[in-house]
């Protein structure tokens with residue numbers, strides 16, 4: 001499972017402070033409102049119903065923010081960005097605030113650093129990992145949540161979820177999303193043509209990849225232009241080999257990236273990434289492929305797509321819905 005959080009950054013403009021805290025408190029309720037329908041209905045049919053659908057009740061109390069403005073930075077692109085902008089539009093509607101979406105590059109911590117150095121940090125940043133919150137706090141870029149946000153958080157979150165957004169006992173982040181990031185989505189036509197079946201182990205995955213390659217299709221699609229996709233690969237392998245204790249040590253910089261456990265994980269990944277033509281477009285092509293395209297190119301082109309498999313989270317069902325492919329068939 002992968003979690004994502006929103007933090008309030010150290011912007012000094014006073015008019016944004018209250019609005020930033022309010023958005024942080026509202027993030028969970030509004031994001032679930034916007035995205036839950038897609039998962040429940042296999043591709044977002046709710047969006048076609050227009051204004052007739054009844055808006056779900058919110059458990060978060062939002063203040064009136066007429067005349068307030070704030071900027072929200074996130075790395076989302078494609079459908080995810082479109083859906084999040086719907087969340088922001090609903091937030092504007094309910095509060096009267098004006099919210100500007102700031103497209104960020106990955107890793108977002110580096111992006112925030114450049115914005116802060118230039119004197120134009122966003123008010124709120126959406127971070128994909130707990131470690132990123134700690135980094136932002138250590139650099140002095142984040143501010144603790146205000147009293148209003150803390151109150152809403154206490155009323156709507158269990159203690160465990162609250163604690164994930166804390167650094168040194170202070171609440172800096174509000175977790176609004178959890179996803180299963182350990183999924184391999186595959187093109188059934190490609191598997192049938194290659195005579196392959198679902199692999200159950202890493203060795204079977206490598207054998208399956210070879211069969212797909214031999215059938216004339218690149219085994220894997222990788223959205224390397226968005227760095228978090230590469231992080232997902234590494235984290236999954238590292239956790240399975242080194243375990244959660246080592247993972248936590250690495251995240252906290254208690255062990256170095258030269259640690260033998262890191263070398264072992266990277267060596268394992270090289271069994272796929274280091275093999276010529278196992279990744280669509282090769283290494284250079286993968287590094288220029290954005291996340292949405294890495295998904296859709298696996299399910300377009302009939303039985304000759306650019307790749308047979310893509311390692312991604314449960315949320316890519318929305319992206320697959322943009323193609324003619326159907327999940328589960």
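The values are calculated or read from the model by the stated rules, or taken from the named source; none is laboratory data. Because the structure is a prediction, the values reported are computed rather than measured. Don't worry about glycine lacking a Cβ; one is built from the backbone with ideal geometry, like all the others, and counts go over all protein chains shown.
Note on the stretch 164-174: residues that are in contact with a strand residue (DSSP E or B) (Cβ under 9 Å, 6 or more places away or on another chain) and surrounded by fewer than 22 Cβ atoms within 10 Å (Cβ to Cβ) total 3. When each of 300, 289 is tested for being in contact (Cβ under 8 Å) with a residue 60 or more places away in the chain, part of a loop (DSSP other than H, G, I, E, B) and in the same structural domain as residue 224 (by TED's automatic domain parsing), the lone residue that passes is 289. Could you say whether any residue in the stretch 192-206 is over 20 Å from residue 293 (Cα atoms), touching a strand residue (DSSP E or B) at 6+ places or on another chain (Cβ under 8 Å), assigned by TED's automatic domain parsing to the domain that holds residue 264 and assigned to a helix (DSSP H, G or I)? Yes, because at least one residue in the stretch 192-206 is over 20 Å from residue 293 (Cα atoms), touching a strand residue (DSSP E or B) at 6+ places or on another chain (Cβ under 8 Å), assigned by TED's automatic domain parsing to the domain that holds residue 264 and assigned to a helix (DSSP H, G or I).
Have a look at 263, 246 and point out the one that is over 19 Å from the mean Cα position of the chain (by Cα), in a helix (DSSP H, G or I) and farther than 25 Å from residue 164 by Cβ.
The conditions single out 263.
Only one entry of 146, 195 meets the criterion of being more than 18 Å from residue 298 (Cβ to Cβ), modelled with pLDDT of 90 or more, surrounded by fewer than 18 Cβ atoms within 10 Å (Cβ to Cβ) and in contact with a helix residue (DSSP H, G or I) (Cβ under 8 Å, 6 or more places away or on another chain), and that entry is 195. Take residue 153 and decide whether it is in contact with a strand residue (DSSP E or B) (Cβ under 9 Å, 6 or more places away or on another chain) and assigned to a loop (DSSP other than H, G, I, E, B). Spelling it out, it is not the case that residue 153 is in contact with a strand residue (DSSP E or B) (Cβ under 9 Å, 6 or more places away or on another chain) and assigned to a loop (DSSP other than H, G, I, E, B).
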